[in-house]
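The values are calculated or read from the model by the stated rules, or taken from the named source; none is laboratory data. From a predicted model like this one, the values you see are computed outputs, not experimental measurements. When we count neighbours, we look across all protein chains shown, and the Cβ atoms used for this are built from the backbone with ideal geometry, even at glycine. Just the protein is used for accessible areas: all its heavy atoms, side chains included, with ligands, DNA and RNA removed. Shrake-Rupley method; radii C 1.70, N 1.55, O 1.52, S 1.80 Å.
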Amino acid sequence: MATPTETFVTALQALDASGLRRRRRVVAPQDGAMLLADGLPRLAFASNDYLGLAQHPALIEAAQAAAARYGVGATASPLVCGHSPAHAALEDELARFVGLPRALYFYAGYAANTGIIPALVERGDALLSDALNHACLIDGARLSRAEVQVFPHKDMAALEEALIATRSARRRLVVTDAVFSMDGDLASLPELLELCERFDAWLLIDDAHGFGVLGEGGRGSLSHWGLRAGAMPERLIYMATLGKAAGVAGAFVAGPEPVIEWLMQKSRTYMFATGAPAMVAEALRASLRVIESEGWRREQLVRLGERLRSGLVALPWQSPHSDTPIRPLLLGESALALEVMAALEAQGIWVPAIRPPTVPQGSARLRVSLSALHSADDVERLCAALRSIAASGAGRGA
């Protein structure tokens, strides 16, 4: 009989055999898009720091000043004594930035969604979820104990059928990413809102990969689709993370004042967790100012995206269109994705291989992530490396 520890050894060996074991890298920033990964310099197309703000001097200065004023810890839950003037100001500014009445800040995006969803729906309610939603939305749905129906990716006809089938539910909640993190494609918010209005359902969108990148002044997917302050549908609940384009950490949810008050009262991941330090809130306030004022960063992403698109055309691997900094390169099997990733690493370039369960079985890929810190030469270096790997026959499964 195997010992308790041996069962985990066997399970880890199975992950190795299927190419699914993850490995952490010890990473330190260098200049621009360069970093040290396990002590080796790499041109990285791996992070979600789309605007290149994680090392921005204004954010660092704001965090340092706040640490001197407030210290480095929040000390308790925000509902006990962890809600500082910095957090209060940040929430007001986030609400104004996205054009919604009120916002609530969470210490992490995963915590936000796994707290928000069970506070909105429960047993007896219905939750309708896009098939390619992020894991935190899926886990929030499971925790809610609502009846969950998964509709095919961006299939509005299937969603309409599901809304008709769940008419008897006490409350219905449609949940979707606004920008899908592994493909870079956009949910059609106008179509989703029209269906939710017609069938009296709520809509929760996760704009983790649109906030800061899309819309006027980086205001995100609501702005991208022409939804503006004063004209927001009452049934819309907006969530976005702040550790990607915003360059810092945490997340927020925004919407009608009574809804946000309810979430503050009922989201367990907000109520029972120590808050983020005030220095994080002050760094985020600085980030909002930079996002709005330094539009060249988004313009740079557009230019780089066009260059990357043209550079990937001749490759033997499919690269679906994306209007975002996320560019997938579909390889199929996990072993092939790891092979191409390793070949890029041999040329000093880091592009992560994304494998199940993050993506569906048979759709392993390289996820190219652009940053405003990349140069045109960086993108050309990546494309040239991929062309040389393709010409060598790597990644073809032969």
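Which peptide among 279-289, 294-304 comes first, and what is the full order, when sorted by highest mean count of other Cβ atoms within 10 Å?
In decreasing order of mean packing, 279-289, 294-304 become 279-289, 294-304.
If you run the Gaussian network model on the chain, springs between alpha carbon atoms under 10 Å, then out of Leu12, Leu127, Leu370 the most flexible one is Leu12. Can you say what percent of the DSSP beta bridges in the chain, counting only those with both residues inside, are antiparallel? Round to 5. About 55 percent, rounded to the nearest 5. Positive end of the dipole of the range 9-72 (Cβ unit charges, origin at the Cα centre): among Ile60, Tyr50, Leu20, the Cα lying farthest that way belongs to Leu20.
Taking 0.36 nm per residue of separation and subtracting the Cα-Cα distance, full extension of the segment from Ala17 to Gln64 would add 12.3 nm.
Here are several values of mean projected area of the Cα convex hull in nm²: (1) 20.8; (2) 34.6; (3) 21.9. Which one was derived from the coordinates shown? Computed from these coordinates, mean projected area of the Cα convex hull in nm² corresponds to label (3).
If each Cα of the range 168-214 is one equal point scatterer, what is log10 of I(q)/I(0) from the Debye formula at q = 0.14, 0.29, 0.33 Å⁻¹? Calculated log10 I(q)/I(0) at the listed q: -0.38, -1.05, -1.20. Taking the Cα centroid of the range 300-334 and of the range 1-38, what is the distance between the two, rounded to the nearest whole Å? Each part's Cα centre sits 27 Å from the other's. Think of each Lys and Arg Cβ as +1 and each Asp and Glu Cβ as -1; about the Cα centre, that makes the dipole of the chain roughly 520 debye. Looking at the range 123-208, the accessible area is 41 square angstrom per residue; that uses a 1.4 Å probe and ignores ligands, DNA and RNA. Per-peptide packing, taken as the mean over residues of other Cβ atoms within 10 Å, places 22-31, 178-187 in the sequence 178-187, 22-31 from highest down. Between Ala231, Ala240, Ala76, the Gaussian network model of the chain with springs among Cα atoms under 10 angstrom shows the greatest mean-square fluctuation at Ala231. Across the accessible surface of the chain, with the other protein chains kept in place and a 1.4 Å probe, carbon and sulfur atoms take up 55 percent. When both the range 262-294 and the range 338-363 are represented by their alpha-carbon centers, they are found 32 Å apart. Rg/Rh for the range 281-398 (Cα atoms only, Rh after Kirkwood) is 1.04. Accessible surface for the range 2-99, divided over its residues, is 58 Å² per residue with a 1.4 Å probe. Note that the range 131-216 shows a convex hull volume over its alpha carbon atoms of 95 Å³ per residue.
Rounded to the nearest 5, the antiparallel percentage of DSSP beta bridges internal to the range 166-294 is 35%. Using only the Cα atoms of the range 236-317, each taken as one equal point scatterer with no solvent, compute I(q) by the Debye sum, divide by I(0), and report log10 of the ratio at q = 0.13 Å⁻¹. Log10 I(q)/I(0), no solvent term: -0.64. Positive-end ranking of His224, Gln265, Ala335 along the dipole of the chain, with charges on Cβ about the Cα centre, is headed by Ala335.
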